[in-house]
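Asks: Handing you a structure now.
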Amino acid sequence: MAKLFFIPLLLSLAWALFLNYNGVPLKKGRTGFIYIVGISITIILSLGFLLWLTANQNIRSW
């Protein structure tokens, strides 16, 4: 689960490199960073909720 926190970092780095390569200032690409963070948080919370929801199914009670 901790690996999921690297996804926004990698996407943000890729976005910054893309903006730099195309000569766009980071201030103009700010909305892209907001989208990356928002979508990543949504994915992380959804997967965390699914893990919490199914956690009891992995335990066998004899």
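The values are calculated or read from the model by the stated rules, or taken from the named source; none is laboratory data. All of these numbers come straight from a predicted model, not from anything done at the bench. Cβ placement follows ideal geometry from the backbone for every residue including glycine, while neighbour counts extend to all protein chains displayed.
Asks: Exactly one of (1) under 15 Å from the mean Cα position of the chain (by Cα); (2) of a type outside the set (Ser, Thr, Tyr); (3) surrounded by fewer than 10 Cβ atoms within 10 Å (Cβ to Cβ); (4) modelled with pLDDT of 90 or more is unmet by residue 28. Its number?
Replies: (1)
Asks: Mind listing just one residue for me: the one in the stretch 44-62 that is at pLDDT below 85 and assigned to a helix (DSSP H, G or I) and, of those, nearest to residue 7 (Cα to Cα)?
Replies: Of everything passing the filter in the stretch 44-62, 55 is nearest to residue 7 (Cα to Cα).
Asks: Just to be sure, is residue 21 modelled with pLDDT of 85 or more and more than 16 Å from the chain's Cα centre (by Cα)?
Replies: Here the answer is yes, as residue 21 does meet what is asked.
Asks: Being free of Cβ contacts under 8 Å to residues at least 12 places away in the same chain and aliphatic (A, V, I, L, M) is the filter; apply it to the stretch 1-25 and report the residue that is surrounded by the fewest Cβ atoms within 10 Å (Cβ to Cβ).
Replies: 2
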